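Data first, discussion second: the structure below is written as structure tokens.
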Amino acid sequence: MNGQKLKAAYLIIVALIFAVPNIAVTILGFESFPLTCAPMFAHHIDVDTKLYSLKFEGMDPNGTLTDLIDHYGKSEVLFERHFFGSVYGSVGSANPFSDILCDNEELFYQRSIAFFNNYSSFLRAEYDLEFPYILVSAKRMDQFDNAGFEPLGYFDAESNTFHLTNTDQDTE
């Protein structure tokens, strides 16, 4: 009998370990790792959260811009997530999924260059497109701001550099 009582006690303890955090999340209405069943979806969006949409454009030698939305190779949302995951990584300072906690400006530029080199190769291979410059712009997406896209930066394929708009920092 003692073995069965011990087994029942272990089952109750294990159930509580999983149930209590999830009950707390349900009551509090806010999830964060590890108090969630799905840490990849643990985020909180409220009225103060700033949401953005990105636009990528290729610029030919004549200065003509081509919207690349039809050349992402995946949906716009997945492509934007891929960009953020590749270049910015996790935005949380202590996110358990972040591998760039010891980040610096040089590493940011290296990731940016790697992303745009890969994307340029993809455009060439899949769509037979080649651009000396790829521009990236952002637009705030909420009910308070109806402004257009603002430039964030551009990739210079010839010099293999990424340039942030309105900064003096350029890196190879």
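The values are calculated or read from the model by the stated rules, or taken from the named source; none is laboratory data. Nothing here was measured: the structure is a model prediction, and the numbers come from that model. No Cβ is skipped: glycine too gets one built from the backbone with ideal geometry, and neighbour counts run over all protein chains shown.
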Exercise. Taking residue 63, is it out of contact with any helix residue (DSSP H, G or I) (no Cβ under 9 Å at 6 or more places or on another chain), at pLDDT 85 or above and farther than 22 Å from residue 112 by Cβ?
Worked result: yes
Problem set entry | Among (1) at pLDDT 90 or above; (2) closer than 30 Å to residue 157 by Cα; (3) surrounded by fewer than 14 Cβ atoms within 10 Å (Cβ to Cβ) - the single one residue 55 does not satisfy | (3)
Exercise. Any residue in the range 35-42 that is farther than 30 Å from residue 116 by Cβ, at pLDDT below 80, surrounded by 11 or more Cβ atoms within 10 Å (Cβ to Cβ) and in contact with a His (Cβ under 6 Å, 6 or more places away or on another chain)?
Worked result: no
Exercise. Within the range 112-124, is there a residue that is modelled with pLDDT of 90 or more, among the β-branched types (Val, Ile, Thr) and at negative phi?
Worked result: yes
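Find the residue count for the range 1-34, including only residues that are of a type outside the set (S, T, N, Q) and at pLDDT below 85. Walk me through how you get there before you give the answer.
Our first condition is that a residue be of a type outside the set (S, T, N, Q); within the range 1-34, this holds for 1, 3, 5-21, 23-25, 27-31, 33-34.
Then drop every residue that is not at pLDDT below 85, which leaves 1, 3, 18-21, 23-25, 27-31, 33-34.
Summing the residues that are of a type outside the set (S, T, N, Q) and at pLDDT below 85 in the range 1-34 gives 16.
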